[in-house]
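Each remark here refers to the structure printed beneath this line.
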Amino acid sequence: MTTRNERLDRLPVTSKHRRLLVGSGIGWALDAMDVGLVSFIIAALAVHWDLDKSTTSWIASVGFIGMAIGATLGGLLADKFGRRQIFAATLLVYGLATGASALAWSVGALLVFRFFVGLGLGAELPVASTLVSEFAPRRSRGRMVVILEGFWAVGWILAAVIGTFVVSQGENGWRWGFALGAVPALYAIYVRMGLPESVRFLESKGRHEEAEQIVASFEAAADPADLEDLDPSPDAMDKPEFTGGIWGPALRRRTAAFWLVWFGVSLSYYGAFIWIPSLLVDQGFTLVRSFSFTLIITLAQVPGYAAAAWLIEIWGRRITLSTFLAGSAFSAVLFGLAAAPWQIIAAGCLLSFFNLGAWGALYAIGPELYPTNIRATGTGAGASFGRIGSIIAPLIVPPVLAWGGSMAVFGVFAVAFAVAGIAAFTLPEQRGKALT
C-alpha cells in the first residue's frame, strides 16, 4: 500500500508546492533583510554615534547569540508543536523586536532588542527549510530548498537598497531602516493561515485525517499524467533505524560533519558581509559609496543560488556544497588582496556567488540527514552550533584587522571555508533518496 509520504514523493511540482515555497520564501527574504540591515546600520551608527569597533561588533554579535539559542529552541518546538505554528511565532517575535529596535535610545537598549530579533530569526530558518523539504517531491527536493534559500538574496538586496537609499541619508536613517524591517510581524498572520502543516509531522502525532486532507489537496492540484512511478527501491524498502538521537551511533558522524560545515560557513559569511560596508568606509570610501559597492556585490548572490539550484540535482548535494565552499575560499583570498575599486567589486561578487550558493546547498542537505521525529531538532542544532561562528566573527575582525589588515581577516575566512568544504565531502549523499 502506498503511504501518504510516497504519494507526496511521486507528485510533480504543483501550484500548491509553489505557494508553499513562495510563502516560506517571503519569510526567508524578510529574515535576510533584517540581518543585512545590521551591516549597514552599524556602519552608520559608527559615524553618527561615534562608536568604536568593539561596540559595533557587539551590536552585530548579540543578534547571533539570540540566533544560536533560537535555532535550538525552534527545532525542538517544531518537532513538538508543528512546523507551521513555530514558523509563524518566530516571524512575529523578530518582526516586533526589529520595530522596537527603531526606537532604541541607547546602545544598551539596542543590544537588548537585537538579542530578541536574533531569537526569532534563528528559530525560523531551520523550521522553514524543514517544512519545505518535507513537502517537496523526491526528484526536486534539493532544488526546491535551494530556491527557498535563494530568497535570502532577495532580502539582502532589499537591505542593500534600504541601506543605500534610506540608512545613509541622515542621522535617523537607521531608525527608518529598522522600521521597515518590522514587516514580518504582519506577514506572520498570513503564514499561520495560509501554509499547510507538515504531513510527516501530523502522522507522527497520530493526526491522520488532517494529513490525508492535505495530501489529497496536493494530489488534486497535479495532472495525473505527470505522476512519477516510484517503484520500491532498496532505499525505500529497507530504511535504516536511527536510535539515540542526533548523536546516536548511526548519526554522530554526519552530525559532527554537519556542525563543522555550519560553523565554518557562518564564521566566514557573517564575518565578511557584516563588516564589508564598515571596512570600505575605513579604506576611505564615503558611506554612500561603500553602501553602493555592497549593493553591487550583493546582486551576485542571485546567480550563485541559481547555479546551486541547478547543480544540486545534477552533481548531488555533497559535490555541489564542497565545490561552492572551495570557490568561496578562493574568493576570500582575492578579496583580501583587492585594493582598487574594480578589484573590490569583482572579488566581492565572486565571494557572493560562491558563498550564497554554498548556503543553498547546506540548507538542502540538513533536513535530509535526519528522520522525521528529530528532523527539525537536527537541523536546528546544526544551525545553533553554526551561530557560535557568527557570534565570534564580528568580534574577531577588529583585532585581526589591527594585526594583519584585510588580508589577514579574509585569510582566516578562507581557511574556515576550506575546512568546511572538507567536512562537507564526508556527508552522505542523499540525492534521490526518500526521507526517513
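The values are calculated or read from the model by the stated rules, or taken from the named source; none is laboratory data. Only a predicted model underlies this, so the values are computations on that prediction, with no experimental measurement involved. Positions of Cβ are backbone-derived with ideal geometry, glycine not excepted, and every protein chain shown enters the neighbour counts. The area values use the complete protein model at the heavy-atom level, side chains included, leaving out ligands, DNA and RNA. Shrake-Rupley method; radii C 1.70, N 1.55, O 1.52, S 1.80 Å.
Given 0.36 nm per residue, what is the gain on full extension from Leu103 to Ala221 after removing their alpha carbon distance, in nm?
37.9 nm
Considering only Met144, Met33, Met407, give the residue with the highest GNM mean-square fluctuation for the chain, with springs between Cα atoms whenever their separation is below 10 Å.
Comparing Met144, Met33, Met407 in the GNM, the peak value goes to Met407.
If each DSSP helix of 4+ residues adds -39,500 (n - 2.57) and the sum is divided by the residues in the chain, what number results at 222 nm, nearest 500 deg cm²/dmol?
Value at 222 nm, helices only, nearest 500: -26500 deg cm²/dmol.
Sorted by accessible area (1.4 Å probe), largest first, how do His17, His208 line up?
If we order His17, His208 from most to least accessible, we get His208, His17.
Suppose a student asked you for the relative contact order of the stretch 75-184, using Cα pairs under 8 Å spaced at least 6 residues apart; what percent would you report?
36 percent.
When ligands, DNA and RNA are left out and all protein chains stay put, how many square angstrom of accessible area per residue does the stretch 271-388 have with a 1.4 Å probe?
Per residue, the stretch 271-388 has 29 Å² of solvent-accessible surface.
What order do Ile388, Ile365 take when sorted by accessible area (1.4 Å probe), most exposed first?
Ile388, Ile365
For the stretch 264-332 and the stretch 48-74, what is the separation of their C-alpha centers, rounded to whole Å?
20
Which of Gln85, Gln283, Gln301 moves most in a GNM of the chain, Cα contacts under 10 Å?
Ranking Gln85, Gln283, Gln301 by mean-square fluctuation puts Gln283 first.
Going by Cα centres, the stretch 111-141 and the stretch 360-436 are how many Å apart?
Cα centroid of the stretch 111-141 versus Cα centroid of the stretch 360-436: 15 Å apart.
Can you tally the net charge around Ser101? Count Lys and Arg as +1, Asp and Glu as -1, for every other residue whose Cβ sits under 11 Å from the Cβ of Ser101.
+1
When the Kirkwood hydrodynamic radius is evaluated over all pairs of different C-alpha atoms of the stretch 65-203, what value in angstrom, to one decimal, is obtained?
That comes to 16.0 Å for the stretch 65-203.
Give me the net charge of Ala78's neighbourhood, meaning all other residues with Cβ under 13 Å from the Cβ of Ala78; Lys, Arg count +1, Asp, Glu -1.
Computed value for this residue: +2.
Which value results when the Cα radius of gyration for the stretch 1-125 is divided by 2.2 N^0.38 Å?
Its radius of gyration relative to the 2.2 N^0.38 Å reference: 1.32.
Within the chain, which is the longest segment that contains none of the GluC sites (Glu not before Pro) sitting in a DSSP loop with at most 15 other Cβ atoms within 10 Å?
Of all site-free stretches, the longest is 242-428.
Under the definition of Cα pairs under 8 Å and six or more residues apart, what whole-number percent is the relative contact order of the chain?
27
For the stretch 235-371, with the dipole built from +1 on Lys and Arg beta-carbon atoms and -1 on Asp and Glu ones, taken about the Cα centre, which of Leu311, Leu260, Gln283 lies farthest toward the positive end?
After comparing all options, I get Gln283.
Given a 1.4 angstrom probe, I'd like the percentage of the accessible area of the stretch 353-419 that is carbon and sulfur, rounded to a whole number.
81
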